[in-house]
Amino acid sequence: DRANSIISDFLSVAKERPSCLKLENLNTVIRSLLPLIEADAIIGNNYIKVELGEIPSIIIDDKEIRQLILNLVRNGYLTITTYLDNNQIVLGIKDQGTGIVPEVLKRIGTPFFTTKEKGTGLGLAISYSIAARHQATVHVETGEQGTAFYIKFSTLNLAESCM
């Protein structure tokens, strides 16, 4: 089962394009995931703070975006934000950890690279791949007060399509 899970995750990284792009609001996707995210936080004795700003809908594959978010929110005390910055919708996920050391930061998002004892090294690789398929960029800021991932989606992106 573990091997099948790893192979499925790896194939997800290799996927070329989102399968079903539709006009969706990122806040709606986040709100639909909140019960799962909050339950996971409670089990792990963690905390989630959510600050969703006023943002327009964009063309996304909501299943892939759900996966991207879930891959990024499994890490301690978190703040999830959305906001509009020029012509970009920003999804911010910030933790309150100790930051990422430069040697690890250089390799972050590389398939099979992990710092977790039971990790596969595919979670962030999949998230980066999903962002790329949505023509979004991922920016990481890290320091002694924690690490923040900012995924920036263009409000001028692709047309709707389902394959």
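Please treat every number below as a calculation from the coordinates, not as lab data. Bear in mind the structure is a predicted one, so any value in this text is a computation, not a measurement. As a convention, Cβ positions derive from the backbone with ideal geometry for all residues, glycine included, and neighbour counts pool all protein chains shown.
Ordering 133-140, 59-66 by mean Cβ neighbour count within 10 Å, with the highest value first, yields 59-66, 133-140. The alpha-carbon of Lys22 sits under 17 angstrom from the alpha-carbons of these lysines, leaving out residues fewer than 8 places away in its chain: Lys63.
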